[in-house]
Amino acid sequence: MPTTNQTCLTELAEPKQSYQHFKIFKPYGFLSQFLPEPRKKKHLLGELFNFPDKTMAIGRLDHDSEGLLLLTTDGMMSYKVRSKGIEKEYYVQVDGAITAAAMSLLQNGVEIGINGSKYLTQPCKAFKLDGEPQLPTRGRKIRDPRHGPTSWISITLCEGKNRQIRKMTAAVGFATLRLVRVRIGDIHIDSMTTGDVVTLSNFNAALNR
């Protein structure tokens, strides 16, 4: 996957405090949290691994989304990563044969709704993938292929509004069927499969000025 001119997360010297950091492949249907919500029976991250106390997710993936999620016991590290414009790359399966015109709109910014107001997304990297990417099969079937073609695209953002990519593809006429985050900065999903947990040693954030 390309990393030129991107803001990176790299593994640098560990701070004096004994913090722990992880990357996981969040499965479909899991919440990006450890504490349950009232009256809601949802799968939580603690079901995947015996994480240490004070582990928190850095950012989130919504219930229907999958892929790379970073976790840490260092609250300051979580704040640094979330407050900077770090690239996040997603592989997105959309309903239909996506057009060059739609891709151009995604690249240049589209208007979506955020908290009842109109919001113009920032220009981003977006391109059509050549075929279907190598990803684990999702636990829940997407839809019957007899209902028509689908397309796979890559979208890389440095922002993260609520359900932003789903709203972006809908705004250009292509509903998102599957959404998988594959990269955060310079940390990749690699060959991980659904539910995998990998401990990251010597982890720190190197942010572009």
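The values are calculated or read from the model by the stated rules, or taken from the named source; none is laboratory data. Please read these numbers as outputs of a predicted model, since none were measured by experiment. Cβ sites come from the backbone with ideal geometry, for glycine too, and all protein chains shown count toward neighbours.
Conditions (1) assigned by TED's automatic domain parsing to the domain that holds residue 74; (2) more than 25 Å from residue 31 (Cβ to Cβ), marked per residue:
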residue: 92; (1), (2): no, no
residue: 102; (1), (2): no, yes
residue: 105; (1), (2): no, yes
residue: 124; (1), (2): no, yes
residue: 135; (1), (2): no, no
residue: 142; (1), (2): no, no
residue: 146; (1), (2): no, yes
residue: 160; (1), (2): no, no
residue: 192; (1), (2): yes, no
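Quick one: would you say residue 189 is crowded, with 18+ Cβ neighbours inside 10 Å, touching a Phe, Trp or Tyr at 6+ places or on another chain (Cβ under 7 Å) and not aromatic (Phe, Trp, Tyr)?
So residue 189 passes the test.
Among what's in segment 193-209 and is touching a Phe, Trp or Tyr at 6+ places or on another chain (Cβ under 9 Å) and not in a loop (DSSP other than H, G, I, E, B), pick the residue that is modelled with the lowest pLDDT.
Residue satisfying both the conditions and the ranking: 200.
Being among the charged types (D, E, K, R) and assigned to a loop (DSSP other than H, G, I, E, B) is the filter here; which residues of segment 51-77 pass it?
Across segment 51-77, the qualifying residues are 53, 54, 60, 62, 64, 74.
In segment 50-79, what residues are among the acidic types (Asp, Glu) and surrounded by fewer than 19 Cβ atoms within 10 Å (Cβ to Cβ)?
Within segment 50-79, 53, 62, 64 qualify.
Which condition breaks for residue 98 when tested against (1) assigned by TED's automatic domain parsing to the domain that holds residue 157; (2) under 18 Å from residue 25 (Cβ atoms)?
In the conditions (1) assigned by TED's automatic domain parsing to the domain that holds residue 157; (2) under 18 Å from residue 25 (Cβ atoms), residue 98 misses (2) alone.
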